[in-house]
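Every number in this text was worked out from the coordinates using simple rules, so none of it is lab data. Since the structure is predicted, the reported quantities are computational estimates derived from the model, not experimental observations. Methodologically, a virtual Cβ is constructed for each residue, glycine included, from the backbone with ideal geometry; neighbour enumeration extends over all protein chains shown.
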There are 2 protein chains.
Amino acid sequence: MTFSNNRVCSLFNIQYPIVQGGMVWCSGWKLASSVSNNGGLGLIGAGSMHPDVLRDHIRKCKTATANPFGVNVPLLYPDIEMIMQIIIEEGVEIVFTSAGNPANWTSHLKSHNIKVAHVVPNVKLARKCVEKGVDLVVCEGFEAGGHNGKDELTTMVLVPQVVDAISEYVPVVAAGGIGDGRGMVAVMALGADGVQIGSRFAVTEESSAHENFKKAVLDADDTRTVLTLKQITSVRLMKNAFYESIREAELNGADEQTLRQLLGKGRAKRGIFEGDLENGELEIGQISGLIRDIPTVKQVIDRILVEYSTTVKTLS
Amino acid sequence: MTFSNNRVCSLFNIQYPIVQGGMVWCSGWKLASSVSNNGGLGLIGAGSMHPDVLRDHIRKCKTATANPFGVNVPLLYPDIEMIMQIIIEEGVEIVFTSAGNPANWTSHLKSHNIKVAHVVPNVKLARKCVEKGVDLVVCEGFEAGGHNGKDELTTMVLVPQVVDAISEYVPVVAAGGIGDGRGMVAVMALGADGVQIGSRFAVTEESSAHENFKKAVLDADDTRTVLTLKQITSVRLMKNAFYESIREAELNGADEQTLRQLLGKGRAKRGIFEGDLENGELEIGQISGLIRDIPTVKQVIDRILVEYSTTVKTLS
């Protein structure tokens, strides 16, 4: 399976247009380097890392792979200035920014010869990315796990509209709801140049998520996730006792401050990294219902490529 | 463009696996017969019709096309018994039921040699359809216009999971977010046997929607629709003054009864059929942002088929 003339592959100098989404508590150097070693683009998820931890992961990733990799920086977290400084100091060549404004960091990063991708939930922000000189746009649908936009546009409708608006200027990568090769063909048919896959890589051997979390995803059916905490920052997670407490508070008319107190600190770490399935925040996408095993990254990518070929043949 | 060995085409004896979704105030005999005359399957939307009006539309549709057509019956509306009686008396051969339980009507309709499809929002109900002897399952995603399920599964994640669960037993049609040939290829890649398209057909010459409504859809951008009234029955519509009043009431903690009073009667008729863009309910899907003209049904189907071929070639 080769992707000749693919713009994502050319831009990042990778073999397959498969980006592993940056995910809190899942995508450290082990996952990122493994994806990059297998022909995709691995991303270290800076969202859950203190600056010094991020520096350590970047260094380990450089040792673990000779291939290109990147760092995902959700702009809503603290210490952004320090994180960007470390990224520049450590010579990271690719940065995916998300959950924020592409105007804030693109030109600074690009002045250090860093390729910049930005994640968007609608057409307007996609156009703004092009204006601000972003090299690639990831459009992420409502079905994606973790933090999510207010617009609730699904991957099926977001991709063709973003493609029509900006694909002549920069490559477009689709994210949200893609768990196998069928999903990859689907978004490529909609005009995407590549895919960003989160949940499927969160549940691999190399993911740093807790075994309890990975097993909980295996047990999840199609209706297990929900987009919640819309008053603070929308997040898609698996329903559990923690979610029920949020839901009850919302039904009782809780304001933002009450919800912030209920959320507290370290909920995602508790759920995803420490495996507390009742009281932790279990961020995962809607496609989790399709995930039935814990393979290696290599197995995931191999399967996607085989399914991709088979699906394209079936369509022809 | 031919779809040989396609299960939807075989089941309904049609040329293309393109079903026109039944839509209140849009899909009368004119739209349905035109879709059927152009090789798809037209559906009369019984949801907005009094029983005698439905009978009239069925008779006119039979006169206007010699090809198969069907009736869509949302099971949440009143007069269901009378509507089913008319469908049987008038010799309708295909019925799509939605917004309800497939156990209620499937066997009765099938005992009158009627082919039955049912619309589902999740895997569990898809399995139940198979158990109850439904001939075909439509799985409809969160992005679809009009009434929508509580599970909020998007087309991208719903289709492959429903396909994996039941496709060996009955054909699966995908609905929600499909507005052109790219979207059709996308869901076929996910394993669907065909598509059900609503919004794109709502904005055609043959649609009985008001010109104001059609033009409002042309002006809509990607973020114009919202899923609302979740306390009563979730419905996707365009944001307008009516929606703002609902939103404000909800923010003020309105209960179900207050919302029902605010909704009142005939809101969808007022918006879609009478063209009151401020005070009417403007039901349409998220893909409306992609709709930029008011073509004939023939033009829509021709375009979809051309785009379908082009997209498949690009993928190969």
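Summing charges over all other residues whose Cβ lies under 13 Å from the Cβ of B:V134, with Lys and Arg as +1 and Asp and Glu as -1, gives +3. Between segment B:207-271 and segment A:93-118, how far is it from one alpha carbon centroid to the other, in angstrom? Spelled out, the Cα-based centre of one part sits 39 Å from the other. Placing a label point 7 Å from Cα along the Cα-to-Cβ axis, B:R59 is separated from the same position in the other copies by 8.5 nm, shortest listed first.
Electrostatic bookkeeping for A:Q161 treats Lys and Arg as +1 and Asp and Glu as -1; over the other residues with beta carbon under 9 Å from its beta carbon, the sum is -3. Helical content alone sets the calculated 222 nm signal of the protein assembly as shown at -11500 deg cm²/dmol, taking -39,500 (n - 2.57) per DSSP H segment of four or more residues and averaging over every residue. Placing a label point 7 Å from Cα along the Cα-to-Cβ axis, A:K265 is separated from the same position in the other copies by 5.9 nm, shortest listed first.
Given Cα pairs under 8 Å that are at least 6 residues apart, what percent is the relative contact order of segment B:211-287?
Details: 99 pairs, mean separation 30.4, N = 77.
That works out to 39 percent.
Partner lysines whose Cα lies under 27 Å from the Cα of A:K269, excluding those fewer than 8 positions away in the same chain, are identified as A:K30, A:K60, A:K62, A:K150, A:K214, A:K215, A:K230, A:K239, A:K298.
Distances from A:D221 to itself in the other copies, using label points 7 Å out along the Cα-Cβ axis, amount to 4.0 nm in increasing order. To make sure I understand the rule: partners must be lysines, Cα under 18 Å from the Cα of B:K110, and not fewer than 8 residues away in the same chain. Which ones qualify? Candidates past the 8-residue exclusion: B:K128, B:K132.
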